Amino acid sequence: MTPSKCPLRDCLYGALDVVEGHSDFLHLPTVDLDCNRLFLDHLRGSDPGALHVVIADQAGFHLRPGDTRLPEGVFIVPLPPYSPELNLCEQFWDILKDTEGFANGLFDSIDKLRAALLPGLRRFGEDAGKVLPLAGRPWFHAQANASAKT
């Protein structure tokens, strides 16, 4: 599906670091494989020398393990299908919506929605202590480490 035909517009991509509690966000115009690649490039650019293990659901707009479009140094560990309770970013989005007071809000423009999102994103982005209780789960560490090729 081309971006011009995609029903989803102005999408926020996010990733949570399960080890150190960093978070990274990128606003892109739509949800598709090309934008997913742009987000993964963005993650890789945050620490170019690191190996980035991304635990992701199997949404149709996510690149899959072994896809030639994956940036160098980025590895995907897919979650089982239909398991949103395992997707930390889904939990994060729920917390962000609930704690920032914009759930069920009506915004006159995308700019006003962005303005409502920004303070919460900054709080999580600047304070790993807010991310780690959600992302710092031991089984995530074990799975990410078990998935690494030696």
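Here are the numbers:
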{"quantity": "Subset of segment 60-76 (residues that are under 13 Å from the mean Cα position of the chain (by Cα), of a type in the set (A, V, I, L, M, F, W, C) and under 19 Å from S23 (Cβ atoms))", "calculated": "I76"}
{"quantity": "Test set (1) surrounded by 16 or more Cβ atoms within 10 Å (Cβ to Cβ); (2) at pLDDT 90 or above; (3) of a type in the set (D, E) - D17 fails condition number", "calculated": "(2)"}
{"quantity": "Boolean, R44 is among the basic types (K, R) and within 24 Å of I110 (Cα to Cα)", "calculated": "no"}
{"quantity": "Residue count, segment 32-84 (criterion: touching a residue at least 24 places away in the same chain (Cβ under 8 Å) and on the phi > 0 side of the Ramachandran plot)", "calculated": "1"}
{"quantity": "Answer residue from segment 96-115, given it is surrounded by 14 or more Cβ atoms within 10 Å (Cβ to Cβ) and aliphatic (A, V, I, L, M) and is farthest from H27 (Cα to Cα) among those", "calculated": "L96"}
{"quantity": "Of the criteria (1) at pLDDT below 95; (2) in contact with a Lys or Arg (Cβ under 9 Å, 6 or more places away or on another chain); (3) not in a strand (DSSP E or B), which one L70 fails", "calculated": "(1)"}
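To keep it simple, each residue is scored yes or no on (1) part of a loop (DSSP other than H, G, I, E, B); (2) under 23 Å from F61 (Cβ atoms); (3) of a type in the set (D, E); (4) at pLDDT 80 or above.
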| residue | (1), (2), (3), (4) |
| --- | --- |
| F75 | no, yes, no, yes |
| P81 | yes, yes, no, yes |
| E90 | no, yes, yes, yes |
| N104 | yes, no, no, no |
| D111 | no, no, yes, yes |
| R122 | no, no, no, yes |
| G129 | no, no, no, yes |
| P133 | no, no, no, yes |
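The values are calculated or read from the model by the stated rules, or taken from the named source; none is laboratory data. Everything numeric here is computed off the predicted structure, so don't read it as measured data. Quick reminder, even Gly has a Cβ in these numbers, built from the backbone with ideal geometry, and neighbours come from all protein chains shown.
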